[in-house]
Amino acid sequence: MPVWPLPVLWTLALGWWGISRQDSVWRDEAATWQAAQRSPADIMHMLGNIDAVHGLYYLLMHACFVCFGASTTTLRLPSVLAMAVAAGCVAVVGHRLAGVWAGRGAGMVFGLLPAVQFYLQEGRPYAMVTAGAGISTLLLVTLLQEPPGAARRRRWAAYGAAVLACGLLNWLSLLILPAHLATLAWTRAGREVWTRWLTAAVAATAGVLPLILFSRRQAQQVAWIPPLSWQMLIGPVVLVAIGAVGAAVDRPRAGRLSAAAVGLPLLAVPQLGLVGVSVAHPLYLDRYVVFSLLGLALLVGAGLAAAVRAATPRFPTAAPRLVPVALALATLALLPQSLAERSPASRVDDVVSAAADVARMKSPGDGVVFVPTWRRDSAYVCPGDFTGLRDVALEEGPTRSGTLEGREATPARIRAAMLARPRILLVTDAAQAAGQAPGARDRVKLAVLREYFTPVADVRVRGRRVTVYERRGPVRVDGGRT
C-alpha cells in the first residue's frame, strides 16, 4: 500500500479547516487578490513597475479567479493543494530512504509544522514553491536510486522543469540547488549523474536569470527587511541543530543515499544560504525558505522509524503504535498553535474588517483618505463597502497606473480636495502614530485633518483603524478661514 495518500489527505484536512480565517484577508494576500482580478495584459503592465518576482503566481491565480470566482477559498485553496503535494512527496522520499514508518511519519509531521500550517492557508506563492521543491527532491532521489535507462532523460528534464518553476515563482528557491549539490557530494554520485544534474541546474538557472536581473530593479520592495540580527539567527540555528540530531539518529555514512544525506542538506543549506545572502543585502524572511522544512520532516520521519526499529525486539506488538501515538501527542500539543494560525490575529492586519467599518460609518458625500497609501487595498478588495465615497487623493487608478495602490495627486491638490469635504474617513494602521507618515502626501493628509477637522468616531479592529473626521468650519481652499 502506498504511503502518500494518508499524508496528502491529512494535509488537505488541515488546510480546509478554517480556510476562510473568519473571512479575513491580510495585506499581502490583498496584493494577490487585486492582481488576480486584472487581465493578463494588465498584470504584465503592473509587473513592469512592481512585484515582477511574483508574476507567474499572479497569472496562475488570475486563471483560478476566472474559473472559480474571487473568494477566500479560491485565494487559498491552491496553497492547500500545493502543500498536500509536498507532503505526499516527502512521504514517498522517506519511504524509499528509511522505510514505511519514515515515510508515514515524514508526511504527517510535515503538515503539523507550525510554519507549514501558516503558509498552508496563505494566498501567496510559498506553498507552490514548496510543492516544486518536493517534486524536484523526489525526482532526484529517484534518479539516484534507479539504474540507467531511457526514462532517466525524461526525469532529468522534469527535474530541471520543477526547479525552473520554483525559481519563476520565487527566485530565492534556487537555493535548493546547492542543497541537492550537497546530497550528490555526500552520496559520491557518479560522473554521469553529475553531468546530468549540472546541465539541468544550469538550464533552470538560466531560465530564471532574466527574472532575477529584472526584479533587482524593484529592490525597493524589500528595502523594509531589517538587517540580520542575533535574534533572527535563532530560528535557523535551532532548525539546523534539530536536523543534525535527526541526521545522527539515521546513522549517515558517506557514499550512501539516506534520509540524512537528503534531509540535512535540504534543511540546512537553504537556511544558511539565505543567511549568507542577507549579510550582503538584508533578505532574511523565513517564508523565502519554507520549502527547507521538507528536510526537517524527512529527518523527523527517519527518527521515528529508527525508534520503531529499536523498540521492535523488546515490544514487537507495541512498536508499530509508536508513530501514531507520537503523531497524536504532537497534534494535541500543537492544537493551540493550530487554532492561532487560523485566526485573523495571526496576520498583521485585515483589509476586510476595515472595509466593513467604512461601510458602517460612511455617509453620502464623504471623502476618504488612506495613510499610508498602500492601505487603499481595503477599497480594492471590498469596493462595494466604499460605494458613494470620494477617494480625494487618488489621481490615477491602480490598473491604469500599473501599480497596486494607484497614483496620488500632488500634496497641494490633495489638501484642496480634502478641504472641500465636510467629512473625511481616514483608513490607516491601528498602530499609526499621530503626525507620522512615510511620505509628503501622507504628511499633508494628517496635517489637514489635525488643523481643520475634528475626530467624531474611531474604530480599531484586526490591525486597522478607521476614523471619521468632521470639518470644524468653512475654509477657503488656500487655507484662510471665511
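Descriptive notes on the structure:
- Subset of region 450-475 (residues that are farther than 21 Å from Ala356 by Cβ and either aromatic (Phe, Trp, Tyr) or touching a residue at least 60 places away in the same chain (Cβ under 8 Å) (or both)): Tyr452, Phe453
- Exclusive hit being acidic (Asp, Glu), buried (at least 21 other Cβ atoms within 10 Å of the Cβ) and not in a loop (DSSP other than H, G, I, E, B), set Asp377, Asp385: Asp377
- For Ala305, the test of being crowded, with 19+ Cβ neighbours inside 10 Å and either out of contact with any Lys or Arg (no Cβ under 8 Å at 6 or more places or on another chain) or over 20 Å from Gly111 (Cβ atoms) (or both) is passed.
- Entry remark, region 399-412: residues being in a helix (DSSP H, G or I) and either more than 19 Å from Ala35 (Cα to Cα) or open to solvent by less than 20 Å² (accessible area, probe 1.4 Å) (or both) number 3 in total.
- Matching option when the condition is surrounded by fewer than 18 Cβ atoms within 10 Å (Cβ to Cβ) and in contact (Cβ under 8 Å) with a residue 40 or more places away in the chain, among Ala417, Ala393, Ala430, Ala359: Ala430
- Scanning region 271-302 for residues that are among the aromatic types (Phe, Trp, Tyr) and open to solvent by 20 Å² or more (accessible area, probe 1.4 Å), we see that the one that is modelled with the lowest pLDDT is Tyr284.
- Residue in region 397-404 that is aliphatic (A, V, I, L, M) and farther than 30 Å from Ser71 by Cα present: no
- Residue match in region 319-331 (condition: of a type in the set (Val, Ile, Thr) and surrounded by 21 or more Cβ atoms within 10 Å (Cβ to Cβ)): yes
- Residues that are within 17 Å of Arg27 (Cβ to Cβ) and not in a helix (DSSP H, G or I), drawn from region 318-353: Ser343, Arg347, Val348, Asp349, Asp350
- Close pairs (6 angstrom Cβ cut-off, 6 or more residues apart or separate chains): free of Cβ contacts under 8 Å to residues at least 40 places away in the same chain in region 131-160, crowded, with 19+ Cβ neighbours inside 10 Å and not acidic (Asp, Glu) anywhere: Leu139/Tyr159; Arg155/Leu139; Arg155/Leu143; Ala158/Leu139
- Qualifying residue in region 269-291 (condition: among the small types (Gly, Ala, Ser) and on the phi > 0 side of the Ramachandran plot): no
- Test set (1) part of a loop (DSSP other than H, G, I, E, B); (2) open to solvent by 10 Å² or more (accessible area, probe 1.4 Å) - Val109 fails condition number: (1)
- Contacts under 6 angstrom Cβ, first residue in region 24-44 being of a type in the set (Asp, Glu), partner not in a helix (DSSP H, G or I), 6 or more apart: Asp28/Arg124; Glu29/Gly123
- One residue from Ala63, Ala41, Ala91, Ala86 being at pLDDT 95 or above, under 18 Å from the mean Cα position of the chain (by Cα) and part of a helix (DSSP H, G or I): Ala86
- Flag for Ser343 being open to solvent by less than 20 Å² (accessible area, probe 1.4 Å) and either farther than 29 Å from Gln220 by Cα or under 27 Å from the mean Cα position of the chain (by Cα) (or both): no
- When region 17-38 is filtered for residues that are hydrophobic (A, V, I, L, M, F, W, C) and either surrounded by fewer than 15 Cβ atoms within 10 Å (Cβ to Cβ) or not in a helix (DSSP H, G or I) (or both), the ones remaining, listed by number, are Trp17, Ile19, Val25, Trp26.
- Cross-chain or 6+ apart pairs with Cβ under 7 Å, region 163-180 first and under 22 Å from Pro78 (Cα atoms) and touching a residue at least 40 places away in the same chain (Cβ under 8 Å), then open to solvent by less than 40 Å² (accessible area, probe 1.4 Å) and not in a helix (DSSP H, G or I): Leu169/Pro125; Asn170/Pro125
The values are calculated or read from the model by the stated rules, or taken from the named source; none is laboratory data. Just so you know, these numbers come straight off a predicted model, no measurement behind them. FYI the Cβ positions are ideal-geometry reconstructions off the backbone, even for glycines, and counts take in every protein chain you see. Note: areas computed on protein heavy atoms with side chains; ligands, DNA, RNA excluded. Shrake-Rupley method; radii C 1.70, N 1.55, O 1.52, S 1.80 Å.
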